[in-house]
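Participant: Okay, here's the structure, questions in a sec.
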There are 2 protein chains.
Amino acid sequence: MSTSPIPAIGIDFGGTSIKLGVVVGNEVIAHAPSIATQEYDNPEQLIQAIAQFVKYLKDSHPEVKALGMGMPGFVNFYQGTIYTLTNVPGWNNVPVRQMLQDATGLPTYVENDANCMAYAEWKLGAGQGKTNLICLTLGTGVGSGLIINNQLHRGATCSAGELGQTSIDYKGRIGHYGNRGALEDYVGNREIAADARTLYAANGQDKAIVDCNPLALERAALAGDPVALTVWNELAKKLACSLINCCYLLNPEAIIIGGGVAKAKDLLFEPLKNTMRGQLFAPLMESLEILPARFGNEAGILGAAHLAINTHFFEQ
Amino acid sequence: MSTSPIPAIGIDFGGTSIKLGVVVGNEVIAHAPSIATQEYDNPEQLIQAIAQFVKYLKDSHPEVKALGMGMPGFVNFYQGTIYTLTNVPGWNNVPVRQMLQDATGLPTYVENDANCMAYAEWKLGAGQGKTNLICLTLGTGVGSGLIINNQLHRGATCSAGELGQTSIDYKGRIGHYGNRGALEDYVGNREIAADARTLYAANGQDKAIVDCNPLALERAALAGDPVALTVWNELAKKLACSLINCCYLLNPEAIIIGGGVAKAKDLLFEPLKNTMRGQLFAPLMESLEILPARFGNEAGILGAAHLAINTHFFEQ
């Protein structure tokens, strides 16, 4: 059941592009062309475009039985509505589930995109068989989802699992929701790059790396650049703070980390594990695995499709 | 079932004293004399003393069917063992459940004391009917327990629910487990008193309040003392940080607050609610109630007794 053979369409709705695929088991067996999110003026037009591509996939795969879509923002799974999307204007209180279901004729479910990723890693990936886990993805922002007691944890208004909004400093900078010291405002790609530029400048190396993206900083650190190594260690300390908080609250068996920054592997994972080991009560650490995500870009499509199938046919 | 009529003995094992009572429904119908915790040299002697008082209660109430004990530290509920107690030396890896069951002949369960309190508030008190809640008690330390999806959440090694160990500052002072910026190290009674003394001294009022305990600070604030008011507002900001983190992670319906500091009511609750309202995504706040605990000192006895009965007869 965890790799259900019932075919479904999964959609990964991103701020830049929307990707669609037909999922069977843990494979995406067919893709539709990507949709450029920002080229549509309003939700209605964008949903019509998505529905056209769903039809395109359904024509060649009439065996699909459900449709799942992951979206970047606060999504009420049970109501099928979007409260708000992080980087796409105009999406406030949109009944997207009903609109998409009407336009496609398929049983449709919508969920937060990081919840879809967590669901894919739990059902099919690095978190298979775990009872409690947190799965996060590091990119422009920090997305995350929680599995608690063998269920995707949604909370009272389906707004749970937002590790990126948790604080690492009660006096820290004010973020998107008025919240102070949000992790996302310290470990997002832009913030990492800004910190790196500051450190290089303080070291008299203004031009050492022109674009301080994660890949450039990874290469520099692997070549022994001390500033780049400091950047990774500081990043690990900040991330560790939020993950330590998760552990003291939830005592999970696994933390699964994906996204661009996680590709640096040991540069991130080693200082992260060391910091956590030094700050966690021993039984919390001994029972914990810190793992790289199994799926990359297709986690969202896979998770959305499986969530739709499992909710529709098996009640999750 | 939530106020089970099956009688049980509940024990609240504190660092200073141990209290025992016979529980029926939401009442403690009989007490035993308190035991002075620190007068016993080792776990064996203390358990024998507890067993004597259990026998004393059982003789007058032979209808009791189970025994539950809450303890201040990391307790493995399923194994019935203590990893370590916070303020009682010599309690490391003690199989306390088996020892107490052998000594009393009653089906016995042991649990973290704050989990017992959370259980009592959820089953019988301020949290009745809630699906997801966090319950905390503010005193020398910060104790807390989580109810998630209608279950006491224990996690992989029964070490979950430790809000007091979560960080509010990733660069903060180093605490008991090597962890930085633990909430408990900012809002415990000793820390509040120290902060108050510092503020009074900075204000040229070294002798304004000799013993800056919560009650004295409450009276001073109610009389309009600006320093005492500042102390309460700062306390609320620090506490809000950890509670905001809980909300972004878990999206609970209720936060229940007990303990000495919570007796100050609006002095704590108003700035706490205002800070949280300003930093939480609106649907998280709209679905949230922030409530004073219903039970005071008897929460531990009530929760331990009900947890024992419900686990033994109804699987929680």
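Participant: Report the residue, chosen from A:Glu121, A:Glu184, A:Glu44, that carries the largest GNM mean-square fluctuation when chain A is represented by alpha-carbon nodes joined by springs under 10 Å.
Facilitator: Looking only at A:Glu121, A:Glu184, A:Glu44, the largest GNM fluctuation is found for A:Glu44.
Participant: Take B:Ile290 and A:Asn297, extend 7 Å from each Cα along the Cα→Cβ direction, and tell me the distance between the two endpoints in nm.
Facilitator: Result for the modelled spin labels: 4.4 nm.
Participant: Keeping all protein chains in the complex and leaving out DNA, RNA and ligands, what accessible area do you get for A:Trp232 with a 1.4 Å probe, in Å² to the nearest 10?
Facilitator: The accessible area comes out at roughly 10 Å².
Participant: Still on this structure, please answer the following. Any idea what the B:Gln48 label distances to the other copies are, label 7 Å down the Cα→Cβ vector, nm, shortest first?
Facilitator: When each copy's label point is compared with this one, the spacings are 8.5 nm.
Participant: Provide a whole-number value for the mean count of partner chain Cβ atoms within 10 Å of the Cβ atoms in peptide B:180-193.
Facilitator: Neighbouring Cβ atoms belonging to other protein chains average 2 per residue here.
Participant: Another one. With the contact rule set at Cα under 8 Å and sequence spacing of 6 or more, what percent relative contact order holds for the stretch B:89-171? Walk me through the intermediate numbers first.
Facilitator: Details: 92 pairs, mean separation 16.6, N = 83.
Relative contact order for the stretch B:89-171 comes out at 20 percent.
Participant: Report, in debye and to the nearest 20, how large the dipole of chain B comes out about its Cα centre when Lys and Arg carry +1 and Asp and Glu carry -1 on their Cβ.
Facilitator: It comes to approximately 320 debye.
Participant: Based on Cβ point charges of +1 for Lys and Arg and -1 for Asp and Glu, what charge dipole magnitude is obtained for the stretch A:129-292 about its Cα centre, in debye rounded to the nearest 20? Could the numbers behind the result be given before it?
Facilitator: Values: 15 positive and 16 negative charges, 35 e Å.
So the magnitude is around 160 debye.
Participant: What does the helix-only formula give at 222 nm for chain A: each DSSP H stretch with n ≥ 4 adding -39500 (n - 2.57), the total divided by the residues, and the result rounded to the nearest 500 deg cm²/dmol?
Facilitator: Numbers: 10 runs with 125 residues, N = 316.
Result for chain A, helices only: -12500 deg cm²/dmol.
Participant: Students often forget the sequence filter, so: which lysines lie under 18 Å Cα-Cα from A:Lys55 once same-chain residues fewer than 8 apart are removed?
Facilitator: Once the sequence-local lysines are set aside, what remains near A:Lys55 is A:Lys19, A:Lys65.
Participant: Turning to a different aspect of this structure: Ordering B:Ile134, B:Ile29 by how much accessible area each has at a 1.4 Å probe, largest first, what is the list?
Facilitator: On the way: B:Ile134 5, B:Ile29 85 Å².
From most exposed to least exposed: B:Ile29, B:Ile134.
Participant: If you find the alpha carbon centre of the stretch A:259-306 and of the stretch B:14-43, how far apart are they in angstrom?
Facilitator: Their Cα centres are 43 Å away from one another.
Participant: To continue, here is another question. Defining a contact as two alpha carbons under 8 Å apart and six or more residues distant in sequence, what relative contact order in percent does chain B show?
Facilitator: Values: 664 pairs, mean separation 66.2, N = 316.
It comes to 21 percent, rounded to a whole number.
Participant: What would the Debye formula give as log10 I(q)/I(0) at q = 0.07, 0.09, 0.10 Å⁻¹ for the alpha-carbon point model of chain A, no solvent?
Facilitator: Each listed q corresponds, in turn, to -0.28, -0.46, -0.57.
Participant: Can you compute the FRET efficiency between B:Arg190 and A:Ser60 using 1/(1 + (r/R0)^6), with r the Cβ-Cβ distance and R0 = 51 Å? Round to the nearest 0.05.
Facilitator: On the way: r = 69 Å, r/R0 = 1.35.
Once rounded, the FRET efficiency stands at 0.15.
Participant: Apply the membrane-span-like helix rule to chain B: whole DSSP H runs, Cα extent along the own long axis of at least 18 Å, mean Kyte-Doolittle hydropathy at least -0.5. List the helices found. Mind showing how you got there, number by number?
Facilitator: Working: long enough: B:43-60 (26 Å, -0.10); B:189-202 (20 Å, -0.30); B:226-250 (35 Å, 1.00); B:266-279 (19 Å, -0.64); B:299-314 (21 Å, 1.12).
Those that clear 18 Å and a mean of -0.5 are B:43-60, B:189-202, B:226-250, B:299-314.
Participant: Here is a follow-up. Can you give me the Cα centroid spacing of the stretch A:69-120 and the stretch A:214-250 in angstrom?
Facilitator: With the stretch A:69-120 and the stretch A:214-250 each reduced to a Cα centre, they are spaced 32 Å.
Participant: Also, quick follow-up: Give me the count of lysine pairs in the stretch B:129-292 whose alpha carbons sit under 29 angstrom apart, restricted to pairs 8 or more positions apart or on different chains.
Facilitator: Value for the stretch B:129-292: 20.
Participant: Label position 7 Å from Cα toward Cβ: report the copy-to-copy distances for B:Lys171 in nm, one decimal, ordered from shortest.
Facilitator: From this label point to the equivalent ones elsewhere in the assembly: 0.9 nm.
Participant: A:Gln79 to A:Arg277: extension gain in nm, 0.36 nm per residue of separation minus the Cα-Cα distance? Each step should come with its number before you reach the end.
Facilitator: Values: separation 198, 0.36 × 198 = 71.28 nm, distance 4.07 nm.
My answer for the length gained is 67.2 nm.
Participant: When only C-alpha pairs under 8 Å and at least 6 residues apart count, what is the relative contact order of the stretch A:1-134, in percent? Provide the component values of the computation, followed by the final result.
Facilitator: Values: 252 pairs, mean separation 30.2, N = 134.
Across the stretch A:1-134, relative contact order equals 23 percent.
Participant: List the distances, in nm and shortest first, from the label point of A:Asp211 to the matching label points in every other copy, placing each point 7 Å from Cα along the Cα-to-Cβ direction.
Facilitator: 6.6
Participant: What FRET efficiency do you get for A:Thr198 and A:Gln151 if R0 is 41 Å and r is their Cβ-Cβ distance, rounded to the nearest 0.05? Before the final figure, lay out each step's value.
Facilitator: Values: r = 42 Å, r/R0 = 1.03.
Efficiency computed from Cβ-Cβ geometry: 0.45.
Participant: B:Ala223 to A:Glu270: FRET efficiency via 1/(1 + (r/R0)^6), r the Cβ-Cβ distance, R0 56 Å, to the nearest 0.05? List each step's numbers first, then the result.
Facilitator: Numbers: r = 55 Å, r/R0 = 0.98.
According to the calculation, E is roughly 0.55.
Participant: How large is the charge dipole for the protein assembly as shown, taken about the Cα centre, if only the Cβ atoms of Lys, Arg (+1) and Asp, Glu (-1) carry charge, to the nearest 20 debye? Show your work: numbers first, answer last.
Facilitator: Values: 44 positive and 58 negative charges, 34 e Å.
I would put it at about 160 debye.
Participant: While we're looking at this one, here's another question. Once you place label points 7 Å from the Cα toward the Cβ at B:Gln52 and B:Asp206, how far apart are they in nm?
Facilitator: If labels sit at B:Gln52 and B:Asp206, their model points lie 4.9 nm apart.
The values are calculated or read from the model by the stated rules, or taken from the named source; none is laboratory data. This structure is a prediction, so every number in the text was calculated from the model and none was measured. Every residue, glycine as well, gets a Cβ built from its backbone with ideal geometry; the counts of neighbours run over all protein chains shown. Quick note on the areas: whole protein, heavy atoms, side chains included, nothing else; ligands and nucleic acids left out. Shrake-Rupley method; radii C 1.70, N 1.55, O 1.52, S 1.80 Å.
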